[in-house]
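S.K.: The following block contains the structure, expressed as C-alpha cells.
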Amino acid sequence: MAQRVGDGVWQLQGETVTLPVEITSARLTSAVFTTPPAEARNVLEGTPLRPFTLFGRAFGLLMCVHYDEWALKSYDEVGVAVFVRGPEGPPGLHFVDLPVTGVFTREAGQDFWALPKWLMDADLRFSKMETDVVVRDRADEVMRASFRHGRFRLPFGVRATLPAWAYLEHGAQARTLLRGSVPMQLTGVRLGRGAFRVGLGVHPMAARMRALGMGSRPLLTVHAERLRGPLGKFHPVRRALQPHPESA
C-alpha cells in the first residue's frame with residue numbers, strides 16, 4: 001500500500017510521487033451507452049452515489065486507453081464507468097472497474113484516487129479506424145470488443161474537464177467518498193456512432209457491463225489520437241449523501 005508523506009505526496013514501491021502528475025501522451029477510445037436507472041443503481045449498490053439520469057435513462061462509459069511512459073509508467077487500461085450524482089456538486093464519472101496491465105499504476109490508482117484498478121492481461125490494438133480489445137483475468141476471458149471510430153473528425157483540438165467521483169472499500173482511502181476533476185486536452189478526435197461488437201464472459205466486470213447496456217450499440221463513440229493533461233488530488237466529501245429525487 002502507498003503511504004502519504006505530505007499534502008499530495010505519496011511513496012510507492014520506493015518512489016515518491018507528487019500530485020498533480022502529467023499525462024504526457026495517451027491514446028483513447030470510448031463509448032457511451034444508455035441503460036435503465038434501476039440497472040445503474042444496482043451497479044452502484046454499496047456506494048454513496050446515485051445514477052445521473054436524463055429523459056428516463058442512465059449512462060455508462062466504456063473506455064480503452066494506452067498510456068505512454070509517465071509518472072505511473074506505461075500500460076494499457078480499460079474502464080467501465082457510470083455517470084453519477086453525489087451529495088453536492090455537478091454530475092461526474094464514477095468507475096466501477098478499471099483493470100490495468102501495470103502493478104505500479106494499480107497500487108497508485110487504488111491509494112491516490114480510490115479507483116477500482118485490478119491487474120489484467122489485455123490485447124489492445126488501435127488502427128486508423130478501429131480499436132480492438134480483449135481483457136483477461138488470469139485464464140478467464142472477461143470481454144472482447146471492437147469499436148469502429150466515428151467518421152466525423154474534428155479539425156481542432158478539444159479542452160475539457162471531466163468531474164469525477166470515487167469510492168472504494170479498500171486501499172489507503174477506503175470507504176471515503178472523493179470528488180475530483182480530470183482536465184484533458186484531446187487532439188485527433190473522431191466522433192460518431194460507429195459499429196460496435198462485443199463478447200462478454202462470465203465475470204463480475206462483464207455482468208456490470210451487461211447491466212450498463214454495453215452489450216448493444218453505443219449512443220456515441222469518441223476516439224482521440226492523443227490525450228494529455230494533469231491528474232491531481234481528489235478531495236474527501238464529508239457530508240453524507242441525502243436522498244434526492246431522480247434528475248429529469
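S.K.: Would you kindly state the longest site-free stretch of the chain, with sites defined as chymotrypsin sites (Phe, Trp or Tyr not before Pro) in a DSSP loop (not H, G, I, E, B) surrounded by at most 15 other Cβ atoms within 10 Å?
M.R.: It runs 157-248.
S.K.: Separate question: Averaging sequence separations of C-alpha pairs under 8 Å and six or more residues apart, then dividing by the length of segment 160-212, give the relative contact order as a whole percent.
M.R.: 28 percent
S.K.: While we're looking at this one, here's another question. By how many nm would the segment from Val9 to Leu220 lengthen if fully extended, with 0.36 nm per residue of separation less the alpha-carbon distance?
M.R.: Separation in residues times 0.36 nm, less the Cα-Cα distance, equals 72.2 nm.
S.K.: So what J values fall out for segment 209-216 if you push phi through Karplus, 6.51 cos²θ - 1.76 cosθ + 1.60 with θ = phi - 60°, rounded to Hz, Gly and Pro as x?
M.R.: 5, 4, 4, 8, x, 8, x, 10
S.K.: Just for the Cα atoms in segment 21-234, what are the lengths along the principal axes, largest first, rounded to whole Å?
M.R.: 41, 39, 38
S.K.: 5 Å is the cut-off here: which amide hydrogens, built 1.01 Å from N in the peptide plane, fall below it relative to Ala58, excluding neighbours closer than 5 in sequence?
M.R.: Counting only residues 5 or more places away or on other chains, the set is Thr35.
S.K.: Can you figure out the FRET efficiency of Ala139 with His235, using R₀ = 35 Å and their beta-carbon distance, to the nearest 0.05?
M.R.: 0.35
S.K.: Output wanted: per-residue J couplings in Hz (rounded whole) for segment 42-59, from phi through Karplus 6.51 cos²θ - 1.76 cosθ + 1.60, θ = phi - 60°, x for Gly and Pro.
M.R.: Taking θ as phi minus 60°, the curve returns 4, 5, 8, 4, x, 10, x, 10, 9, x, 7, 10, 8, 6, x, 10, 9, 9 Hz for segment 42-59.
S.K.: Okay, moving on. Using Cα-Cα distances under 8 Å and only pairs 6 or more residues apart, what relative contact order does the chain have, in percent? Please list the in-between numbers first.
M.R.: On the way: 655 pairs, mean separation 57.6, N = 248.
Dividing the mean separation by the residue count of the chain yields 23 percent.
S.K.: Which of rounded, prolate, oblate describes segment 122-246, given a ≥ b ≥ c as roots of the alpha-carbon gyration tensor eigenvalues and a/c under 1.5 marking rounded, otherwise prolate only if a/b is larger than b/c? Each step should come with its number before you reach the end.
M.R.: Numbers: a/c = 1.85, a/b = 1.23, b/c = 1.50.
Note, shape of segment 122-246 comes out oblate.
S.K.: Cross-link partners among lysines for Lys233, C-alpha distance below 23 Å, same-chain residues fewer than 8 apart left out?
M.R.: Those lysines meeting the cut-off are Lys73, Lys117.
S.K.: Picking from Arg175, Arg190, Arg151, which is most flexible by a Gaussian network model of the chain using Cα springs under 10 Å?
M.R.: Ranking Arg175, Arg190, Arg151 by mean-square fluctuation puts Arg151 first.
S.K.: Can you check how the C-alpha radius of gyration of segment 37-130 compares to 2.2 N^0.38 Å, as a plain ratio?
M.R.: Scaled against compact globular proteins, the figure is 1.21.
S.K.: Nearest 0.05, what FRET efficiency do Thr187 and Asp132 give at R0 = 25 Å with Cβ-Cβ as r?
M.R.: On the way: r = 22 Å, r/R0 = 0.88.
Calculated value: 0.70.
S.K.: Where the centre of each part is set by its Cα atoms, how far does segment 22-41 sit from segment 58-95, in angstrom?
M.R.: 6 Å
S.K.: Apply 1/(1 + (r/R0)^6) to the Cβ-Cβ distance of Ser74 and Arg197, taking R0 = 35 Å, and write down the FRET efficiency to the nearest 0.05.
M.R.: That pair, Ser74 with Arg197, gives E of 0.80.
S.K.: May I ask you to evaluate 6.51 cos²θ - 1.76 cosθ + 1.60, the Karplus curve with θ = phi - 60°, for each residue of segment 25-37 and list the ³J(HN,Hα) values in order in whole Hz, giving x for glycine and proline?
M.R.: Using θ = phi - 60°, the values come out as 6, 9, 10, 9, 10, 9, 9, 9, 10, 10, 7, x, x Hz.
S.K.: Further question: Taking H as built 1.01 Å from N, whose amide H comes closer than 5 Å to the amide H of Ala195, not counting residues under 5 places away?
M.R.: Arg148
Values quoted throughout were computed directly from the atomic coordinates according to the rules given, and no laboratory measurement underlies them. Values in this document were obtained by computation on a predicted structure and should not be read as measured data. Positions of Cβ are backbone-derived with ideal geometry, glycine not excepted, and every protein chain shown enters the neighbour counts.
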